[in-house]
1. Enumerate the residues in the stretch 26-47 having an amide nitrogen under 17 Å from the point lying 7 Å beyond the Cα of ARG8 toward its Cβ.
2. So if R0 is 25 Å, what FRET efficiency would ASP43 and ARG92 give, r being the distance between their Cβ atoms, rounded to the nearest 0.05?
3. Please work out the FRET efficiency for the pair ALA124 and ALA234, using the Cβ-Cβ distance as r and a Förster radius of 45 Å; give the result to the nearest 0.05.
4. Can you tell me the length gained on complete extension of the stretch ALA53 to MET1, counting 0.36 nm per residue apart and subtracting the Cα distance?
5. Could you go through the stretch 198-214 in sequence order and give the Karplus-derived ³J(HN,Hα) for each residue, using 6.51 cos²θ - 1.76 cosθ + 1.60 with θ = phi - 60°, rounded to whole Hz, and x for Gly and Pro?
6. Out of residues 5 or more away from TRP23 or on other chains, whose amide H comes under 5 Å of its own, with H placed 1.01 Å from N in the peptide plane?
7. First measure r as the distance between the Cβ atoms of ALA107 and ARG147, then evaluate 1/(1 + (r/R0)^6) with R0 = 41 Å and state the FRET efficiency to the nearest 0.05.
8. Compare the Cα positions of THR128, ALA34, LEU102 along the charge dipole of the stretch 24-150 (+1 at Cβ of Lys, Arg; -1 at Cβ of Asp, Glu; about the Cα centre) and return the one farthest towards the positive end.
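Readers should treat all values here as calculations from the given coordinates under stated rules, not as data from a laboratory. Bear in mind the structure is a predicted one, so any value in this text is a computation, not a measurement. All Cβ positions, even for glycine, are placed from backbone atoms using ideal geometry, and neighbour counts span all protein chains on display.
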Amino acid sequence: MKPADVRRVNGRWSQVRVPKVGWVRFRRSRPVPAARSYRVTQDRVGRWHVAFAAVPDLIPVPDTGGVVGVDRGVAVSAALSTGELLCCPGLRPKETERLCRLQRRFARSRRGSNRRARLRARIARVRTREADRRKDWVEKTSTDLARRFALIRVEDLRIGAMTRSARGTPAAPGRNVARKAGLNRGILAQGWGLLVRRVEQKAPGRVERVPAAFTSRRCFACGYVVAGSRESQARFCCVACGYQSNADVNAARNIAEGRR
Ligand SMILES: [Zn+2]
């Protein structure tokens, strides 16, 4: 697209030239950047959006910034090696309750009925709100990490492999099905892949992926590796040296060290 393909109409409205359609008006939700391309989409609720693909603002390396380790926790959305625990806002308890109620009513409604269509739209609205909050959190968190730290180390989880079903086949049933299902929910619900991608875009060359083996089972203080899985325990207590810490923060500190 050319810069001339977008023009301001007034304080809140602009127009974009869409091939074969002509000038289409849109309300600006934020300033339109110098973009190379744009995409027009319709969301689940029926709202139309135009998104301009800008080269993301590069965030300069902070003078004082050091290294931070980020653990993609299950109990919290992210734990930093600084001890900070970050939570991605999801639905409030009231909203979750409402969503469950809507889903029950939806399940009971007759196929093809108007009532069913209305319920579907209401469910989609709640879900969209949840997704909007998650995206917003990812933007703020990725900017914050890129601004504060010179080097950001994240656990290399390979989300694709992990979120694939652990169930296996009837002939070869998978192991740890329940545990993996729980972990999957945590990772997916909190938009992990998106967060890492955004940090990499805002701080290119300053993100390092650290192999995930042992980061949650290793004691940060003495290096002792605890046998077995630690996914469900919120606190890390080292049986060798007595070091105690939030389990996700312990993992984040190991990640900050950049070692297995
Ligand atoms: Zn220890």
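1. The answer is 26-35, whose backbone nitrogens lie closer than 17 Å to the label point.
2. Numbers: r = 21 Å, r/R0 = 0.84.
According to the calculation, E is roughly 0.75.
3. Here the calculated transfer efficiency is 0.85.
4. Length difference between fully extended and current span is 17.7 nm.
5. 5, 5, 5, 6, 7, 10, x, x, 10, 10, 10, 8, 9, x, 7, 4, 6
6. Long-range HN contacts for TRP23: VAL18.
7. Details: r = 46 Å, r/R0 = 1.11.
It comes to 0.35.
8. Toward the positive end, the furthest listed residue is LEU102.
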